[in-house]
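**Student:** Input: one structure, supplied below.
The values are calculated or read from the model by the stated rules, or taken from the named source; none is laboratory data. Everything numeric here is computed off the predicted structure, so don't read it as measured data. Glycine also receives a Cβ, built like all others from the backbone with ideal geometry; neighbour counts cover every protein chain displayed.
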Amino acid sequence: MIRTLLTLQGTQGRSLVVGHLALNVLGLMLRAAGTVLLVPLLATLFSADPSAAWGWLGALVLVTACGWWIDSLSARRAYSLGFSLLDSGQRTLAERITRIRLPWFNAENTATARQAIAASGPDLVGVIIYLVTPILSAVLLPVFLGVALLPINLPLGLAALLGVPVLVAAYWGAGVISRRAEGEAAQSNSALTERIMEFARTQQALRAARRVEPARSHAGAALNHQHRTGMKLLLLQVPGQILFSVASQLVLVLLAVTVVVQSMEGELQVPQAIALIVVIVRYLESFTVLAELAPGMESMTGALRRMREVLKAPQVTAGDQELDSRDAPLLELRQVSFSYGETGQGRNVLQDFNLELQPGSTTAIVGPSGSGKSTVLALLAGLHEPDSGAVLIDEVDTSTLSEEARREQISMVFQHPYLFAGSLRENLRSGHSQAQKTQIEQAAALARVDTLVARLPEGWNHDVGEGGSRLSGGERQRVSIARALLKPARILLVDEATSALDTENESAVAAALSDDPRQRTRVIVAHRLSSIAAADRVLFMEGGRIIEDGSIEELLAAKGRFADFWAQQYAAGAWHLGHN
C-alpha cells in the first residue's frame, strides 16, 4: 500500500511521505512515554515523599505537550499529502493508461482501470490522516508501550511485547479468512457494474428480442452472483472476528495475570497497579482501533491494489529519438512476429513477416477476414508492438522514438470512428489543435464535411453528441476522415473506412483519400473496389502471409486470388433488385 502511494505521489511527494512517517513515529514514541510515565508518577505521589512527584509531573507535561505539537505537525503534513495525492493520483494513472499496451485492455482490466481512476479522486485526500496514520499508530504504539515498560516493569514489558505478534497474527489471520471472499465480492461487483452498463446500452436489441427482464439477461446472472458472494463475505467475517476477539482476551489475561501476580507477591503497590492497568487499557485500545479500521483498510487496500495493477501494466516501449524529416517516409516491417494476448502467448497472426513500403506510395492490403491485414496496420500505427522483429520509419526503429515523435508521424482512420462530445470544429481540431481556419475548411472539403456543415443549423458549432451519436454512420466517418487529413502526419493509415457506408458516403470517403494533396505514405486496408482503385500497389494476404503483390493490372492479369476477389466485388457492386 505504501509503495503504491509513493508511486502516485511522484518524486517530490516522497519526501513529504518520509517526513510524515518520521513525525508520526516520533509522536507515537512520545505518546507511549507519556502513558508509561503515569506509573512512576502515581507511585511517587502516594509514597512517603509525594513532593518528588513534581519532577515526574513536569516530565509528563513536557512529553504530552511535545506530543501534541508533533501530532499537529503530522496532521498538517497528512492533509498536504492527501491533497498532493488528489492532485497527482488521477493524473499519474491517466498518463500511465495512455502508455499501456492495448492487449492489456480486456474486459476485466478495463473495469480495473475505470475503478482505479474513480478511487483516485477525493477519497485519497483523507487516506493518509484517516487510514494510514491511525493504522500505523495502532500497530506501533503497543510496541513502543512494551519497550517503554521494560525499565519500569520488565515482566509486564516482556508480556506486552509478546502480545503484539499474537494480536497482529490474529488480525492478519482474520483478514486472510475474509480476503478471498472480499476479492470475489469485488470481482462480482465489477462484473455487475459492467453487465448493468451493457444492459442499459443494449435495450434496443433486448426489447426487439423480448428479453427486457433483468432475470433473463446477463445482468440478472451477475446480480445473483453478486448476492451470493456478498452473503459469503458476511459469513466469513464472523470466524475472523471471533479469532481476533479470542486473541485479545488471551493477551488481556496475560497482562492482567502479570500485574496480579506481582501485586500478590508485594512487588507492586496499589497506585502502581492502577497505573499499569491504565497502560494495559491504552495498549489494548490500539488493537480495538485496528479492528474498527479493518473494513476501511480492506476497501482502500483493494482500491490501491487496482491502482497498482494499472501502474504495473505492460508499457509501450519508447525512446527519446526524434524525426526531423517532413517528406513521406519509407516504412518497413522487418522479421516481425506478433500474437494477440497480454503476454504474446496466443496464436501467431504474423510470423517472420517482412514488408517494405516506398515513400509517397499508396498501398492497399486486401484479403479474407483473419488474414492479418488490420494487424499489419496496427503495428505500423504503433497500437501494438511486435513480439519480435522491428517496425521502422526511414530506417529508424520506432521503439527508439519518443512518444510524441511517434504520434506526430501517423494519422489513422478506423473502421468504426469515435467522435468526442463537442462541436464539429472541436472534433476536427482534435487531430491538429493548431490548425487554422483555412486548413480546417480544406480538410472538410476533401472529406465532403462542408456539405454536412452547410445543412446543419449550428454549422461548425453543431454538437455531435457522445461518440458522434447525433450524426449518421456515414457522417461520422466523413468527419473522422477530415480529422485524419487535417493532421500534418507523414503516414496515413486507413482501416476498412468504407466497409459499412452507403454509396454516396463511400464515394465521398474514397475521393477524400485519393485527392489528399499532402505528401504521405498511405496504407489502406479495404474490401471495396472504390477504396483501392487509386492504389499504386496491392497486397493480397492470407493466413498472415502476403501471397500476391503487385499493381491492380498485374494481379488481375495473373488471374489468382486477387482476380477472384475483384470479380466477386464487381459482381456484388453490379447486383440490384429487379421485378417482372
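**Student:** Among 417, 359, 368, which is the only one that is assigned to a loop (DSSP other than H, G, I, E, B) and crowded, with 18+ Cβ neighbours inside 10 Å?
**Tutor:** That would be 417, the only listed residue that is assigned to a loop (DSSP other than H, G, I, E, B) and crowded, with 18+ Cβ neighbours inside 10 Å.
**Student:** Here's something else I'd like to know. Look through the range 390-400, keep the residues that are modelled with pLDDT of 90 or more and not β-branched (Val, Ile, Thr), and return whichever of them is surrounded by the fewest Cβ atoms within 10 Å (Cβ to Cβ).
**Tutor:** Taking the candidates together, the pick is 395.
**Student:** Among the listed residues 350, 333, 383, which satisfies the condition of being part of a strand (DSSP E or B), touching a helix residue (DSSP H, G or I) at 6+ places or on another chain (Cβ under 9 Å) and under 16 Å from residue 493 (Cβ atoms)?
**Tutor:** Numbers: 350 fails: under 16 Å from residue 493 (Cβ atoms); 383 fails: part of a strand (DSSP E or B).
Result: 333 is the single residue among 350, 333, 383 that is part of a strand (DSSP E or B), touching a helix residue (DSSP H, G or I) at 6+ places or on another chain (Cβ under 9 Å) and under 16 Å from residue 493 (Cβ atoms).
Residues are listed down the side, and each one gets a yes or a no for (1) modelled with pLDDT under 90; (2) buried (at least 17 other Cβ atoms within 10 Å of the Cβ):
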| residue | (1), (2) |
| --- | --- |
| 509 | yes, yes |
| 515 | yes, no |
| 532 | yes, yes |
| 549 | no, no |
| 565 | yes, yes |
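**Student:** Quick one: in the range 95-108, which of the residues that are out of contact with any Leu (no Cβ under 7 Å at 6 or more places or on another chain), at pLDDT 80 or above and in a helix (DSSP H, G or I) is farthest from residue 407 (Cα to Cα)?
**Tutor:** 104
**Student:** Let me ask something additional. Quick check on my filter: what residues within the range 279-330 are part of a loop (DSSP other than H, G, I, E, B) and either more than 30 Å from residue 391 (Cβ to Cβ) or of a type in the set (Gly, Ala, Ser) (or both)?
**Tutor:** Residues of the range 279-330 part of a loop (DSSP other than H, G, I, E, B): 313-314, 316-320, 322-330.
Scanning the range 279-330 gives 313, 318, 319, 325, 328.
**Student:** Please list, ordered by first then second residue, the pairs with beta carbon atoms under 7 Å, 6 or more apart or interchain, first in the range 74-87 and not assigned by TED's automatic domain parsing to the domain that holds residue 136, second crowded, with 21+ Cβ neighbours inside 10 Å and among the aliphatic types (A, V, I, L, M).
**Tutor:** Matching pairs, first to second residue: none at all.
**Student:** Within the range 465-475, does at least one residue satisfy the condition of being of a type outside the set (Gly, Ala, Ser) and touching a residue at least 60 places away in the same chain (Cβ under 8 Å)?
**Tutor:** Looking only at the range 465-475, we keep the residues that are of a type outside the set (Gly, Ala, Ser), and these are 466, 470-471, 475.
Pick out the ones that are also touching a residue at least 60 places away in the same chain (Cβ under 8 Å) and you get none.
Taking every residue of the range 465-475 in turn, none turns out to be of a type outside the set (Gly, Ala, Ser) and touching a residue at least 60 places away in the same chain (Cβ under 8 Å).
**Student:** Could you please find all residues in the range 388-418 being within 17 Å of residue 520 (Cβ to Cβ) and of a type in the set (Asp, Glu)?
**Tutor:** Result: 394, 408.
Quick grid of which residues meet (1) at pLDDT 90 or above; (2) aliphatic (A, V, I, L, M); (3) touching a Pro at 6+ places or on another chain (Cβ under 8 Å); (4) more than 29 Å from residue 116 (Cα to Cα):
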| site | (1), (2), (3), (4) |
| --- | --- |
| 5 | no, yes, no, no |
| 19 | no, no, no, no |
| 22 | no, yes, no, no |
| 38 | no, yes, no, yes |
| 51 | no, no, no, yes |
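**Student:** Filter the range 534-554 for residues that are under 19 Å from residue 377 (Cα atoms) and either part of a loop (DSSP other than H, G, I, E, B) or charged (D, E, K, R) (or both) and give the result. It would help to see each step written out before you state the result.
**Tutor:** Of all residues in the range 534-554, those under 19 Å from residue 377 (Cα atoms) come to 534-550.
Answer for the range 534-554, where residues must be under 19 Å from residue 377 (Cα atoms) and either part of a loop (DSSP other than H, G, I, E, B) or charged (D, E, K, R) (or both): 534, 535, 536, 537, 542, 543, 544, 545, 548, 549.
Matching residues to (1) surrounded by fewer than 20 Cβ atoms within 10 Å (Cβ to Cβ); (2) more than 30 Å from the chain's Cα centre (by Cα); (3) within 26 Å of residue 547 (Cβ to Cβ); (4) aromatic (Phe, Trp, Tyr):
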{"position": "375", "(1), (2), (3), (4)": "no, no, yes, no"}
{"position": "379", "(1), (2), (3), (4)": "no, no, yes, no"}
{"position": "388", "(1), (2), (3), (4)": "yes, no, yes, no"}
{"position": "405", "(1), (2), (3), (4)": "yes, no, no, no"}
{"position": "409", "(1), (2), (3), (4)": "no, no, no, no"}
{"position": "429", "(1), (2), (3), (4)": "yes, no, no, no"}
{"position": "432", "(1), (2), (3), (4)": "yes, no, no, no"}
{"position": "443", "(1), (2), (3), (4)": "no, yes, no, no"}
{"position": "446", "(1), (2), (3), (4)": "no, yes, no, no"}
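**Student:** Could you count how many residues in the range 423-471 are part of a loop (DSSP other than H, G, I, E, B) and acidic (Asp, Glu)? Before the answer, list the steps.
**Tutor:** Filtering the range 423-471 down to residues part of a loop (DSSP other than H, G, I, E, B) leaves 430-436, 447-448, 456-458, 462, 464-465, 469-471.
Adding the requirement that they be acidic (Asp, Glu) leaves 458.
So the answer is 1.
**Student:** Return the pair list, or none, for Cβ contacts closer than 6 Å from residues in the range 551-563 that are small (Gly, Ala, Ser) to residues that are part of a helix (DSSP H, G or I), at least 6 apart or on different chains.
**Tutor:** 563/556
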